[in-house]
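A short write-up of the structure that comes next.
The values are calculated or read from the model by the stated rules, or taken from the named source; none is laboratory data. For clarity, every value in this text was computed on a predicted model and none was experimentally measured. Note that each Cβ is placed from the backbone with ideal geometry, even for glycine, and that neighbours are counted across all protein chains shown. Surface areas here come from the heavy atoms of the whole protein model, side chains and all, with no ligands, DNA or RNA. Shrake-Rupley method; radii C 1.70, N 1.55, O 1.52, S 1.80 Å.
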Amino acid sequence: MTATGSRAAEDAWSEPLSVPPFAVISGSQVRRALRDQEKRLVDLVEATYLLHAAGDSVNPPSYFLRFPDRPSARIIALPASIGGPVRVDGVKWISSFPRNVAAGIPRASAVLILNDHDTGYPFACLESSIISATRTAASAALAADWLSRGRERPTRVGFFGTGLIARYIHTFLAGTGWSFDEIGVHDLSAGSAAGFRGYLQRSGTPARVTVHGTGEQLIRSSELVVFATVAAAPHVGDVSWFAHNPLVLHVSLRDLAPEIVLASANIVDDIEHCLQANTSPHLAEQLTGNREFLDGTMAGVLTGRVAVPADRPVVFSPFGLGVLDLAVGKHVYDEVARSGELHVVDDFFHELRRFG
Ligand SMILES: NC(=O)c1ccc[n+]([C@@H]2O[C@H](COP(=O)([O-])OP(=O)(O)OC[C@H]3O[C@@H](n4cnc5c(N)ncnc54)[C@H](O)[C@@H]3O)[C@@H](O)[C@H]2O)c1
């Protein structure tokens, strides 16, 4: 839209503006709002990728806050704005403190702020580790479905790194109709692998579950490989492990050496986002000086503009877009509001008369 066009659109608002009430939505409310809705959430993520590709979004680069005294930790801000039927602005503020895991608490914690489209006022603060895991898993399930359409549907899946995100991805695969004969598990931590195996057994999966002692065994025995580690630099570099052309959901983004990326077809969520912050595709770009190894985006696949080859490994590297958090977060807000359970903080905005 041109600057004049946007002003005209702003002037055309006929609704009187008012300050929206401010609500706080807890993790247990988020969980209730999202439970058993895997198919619906995958559809929501699909629609959001298409809106983003059509330009009906603003999604600047994520901002990484890092600390010299805590080099493994970070807090990321993902500001975004989305149009279409969602029509909301906001920011996710998500911490990653990997050392939490040894203390028995989750690595990631997050809040999502939703801002009103017309006044800019924040109108909700939502617990967002669940929203973040949900949108990530929904995008992985969407990719697993679309990127496997030109090949035999995988029946053997391998989880490389078995924390919260791996659990959510399995839940979303199972909840969207995937059924596996074999599930492979590999993690540097025996405790994580055992915990994930326990989760799989409780989930009622009919699959045979195998804990693999090496990443090589896991990859060679899986047609669908899910990377959900916290590796900061590539630790998988042998192209021959991928000779059977698996579909790879590279959710943790930094596990694969550039050689593997270059030997594969590569699909990302957003090219500019994904080619930064030393992700494996970013390293491949640095190595080659070009982006020719990229086949396209998920939106390109969804609209049929990008063909997915079956004669090479296929790697999906989703950087993780703030617009997905907004879409899922607004869905949660609407569900909680509909159920009449919004916890509104009545006097949150207090200084509301300009001259007192
Ligand atoms: N792309 C996205 O949109 C997106 C969104 C959310 C999370 N993530 C990423 O997903 C990853 C997993 O998140 P989580 O919350 O499940 O973390 P987590 O800490 O709960 O689990 C990570 C697991 O990986 C294991 N691990 C670490 N390095 C490993 C290695 N080299 N080989 C095998 N196992 C290894 C750890 O032992 C741990 O069990 C993180 O890297 C996170 O940044 C990506």
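A few remarks follow.
- Yes/no for R202 being farther than 29 Å from R312 by Cα and open to solvent by 50 Å² or more (accessible area, probe 1.4 Å): yes
Okay, residues lined up against (1) part of a helix (DSSP H, G or I); (2) at pLDDT 95 or above; (3) in contact with a Pro (Cβ under 8 Å, 6 or more places away or on another chain); (4) open to solvent by 80 Å² or more (accessible area, probe 1.4 Å):
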residue	(1), (2), (3), (4)
W13	no, no, no, yes
A23	no, yes, no, no
A33	yes, yes, no, no
D36	no, yes, no, yes
K39	yes, yes, no, yes
D43	yes, yes, no, yes
E46	yes, yes, no, no
G55	no, yes, no, no
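- Put simply, of A228, A277 the only residue that is in contact with a strand residue (DSSP E or B) (Cβ under 8 Å, 6 or more places away or on another chain) and at pLDDT below 95 is A277.
- Residue check: R197 meets all listed conditions (1) part of a loop (DSSP other than H, G, I, E, B); (2) closer than 17 Å to H170 by Cα; (3) over 21 Å from the mean Cα position of the chain (by Cα) but one, namely (1).
- Candidates A194, A166 - the one that is open to solvent by less than 20 Å² (accessible area, probe 1.4 Å), within 12 Å of the ligand (Cβ to nearest atom), at pLDDT 95 or above and farther than 23 Å from R312 by Cβ: A166
- Selection of first residues in the range 99-121 that are farther than 12 Å from L164 by Cβ and of second residues that are open to solvent by 50 Å² or more (accessible area, probe 1.4 Å) and among the β-branched types (V, I, T), restricted to Cβ pairs under 8 Å at least 6 apart or on distinct chains, gives the following pairs, ordered by first then second residue: T119/V19; Y121/V19.
- Any hit, the range 297-314, residues being in a helix (DSSP H, G or I) and closer than 16 Å to L275 by Cβ: yes
- Some residue of the range 230-251 being in contact with a Leu (Cβ under 9 Å, 6 or more places away or on another chain), within 19 Å of D187 (Cα to Cα) and of a type in the set (D, E, K, R): no
- Any hit, the range 327-350, residues being part of a loop (DSSP other than H, G, I, E, B), at pLDDT 95 or above and basic (K, R): no
- Annotation note: Cβ proximity below 7 Å between a residue of the range 208-221 that is more than 19 Å from V239 (Cα to Cα) and a residue that is assigned to a loop (DSSP other than H, G, I, E, B) and open to solvent by 30 Å² or more (accessible area, probe 1.4 Å) (sequence gap 6+ or interchain) occurs for R208/D181.
- Candidate set: the range 315-342, residues that are crowded, with 20+ Cβ neighbours inside 10 Å and more than 18 Å from the chain's Cα centre (by Cα); chosen: the one nearest to the ligand (Cβ to nearest atom): Y333
- One residue from L65, L142, L126, L78 being assigned to a strand (DSSP E or B), crowded, with 21+ Cβ neighbours inside 10 Å and either more than 10 Å from the ligand (Cβ to nearest atom) or without any contact (Cβ under 8 Å) to a residue 60 or more places away in the chain (or both): L126
- Search result, residues across the range 62-82 that are over 15 Å from the mean Cα position of the chain (by Cα), under 19 Å from G320 (Cα atoms) and not small (G, A, S): Y63, F64, L65, R66, R74, I75, I82
- Yes/no for H331 being touching a residue at least 40 places away in the same chain (Cβ under 8 Å), in contact with a helix residue (DSSP H, G or I) (Cβ under 9 Å, 6 or more places away or on another chain) and over 28 Å from T162 (Cα atoms): no
- I131 vs. criteria without any contact (Cβ under 8 Å) to a residue 60 or more places away in the chain, closer than 22 Å to H343 by Cβ and either more than 10 Å from the ligand (Cβ to nearest atom) or part of a strand (DSSP E or B) (or both): no
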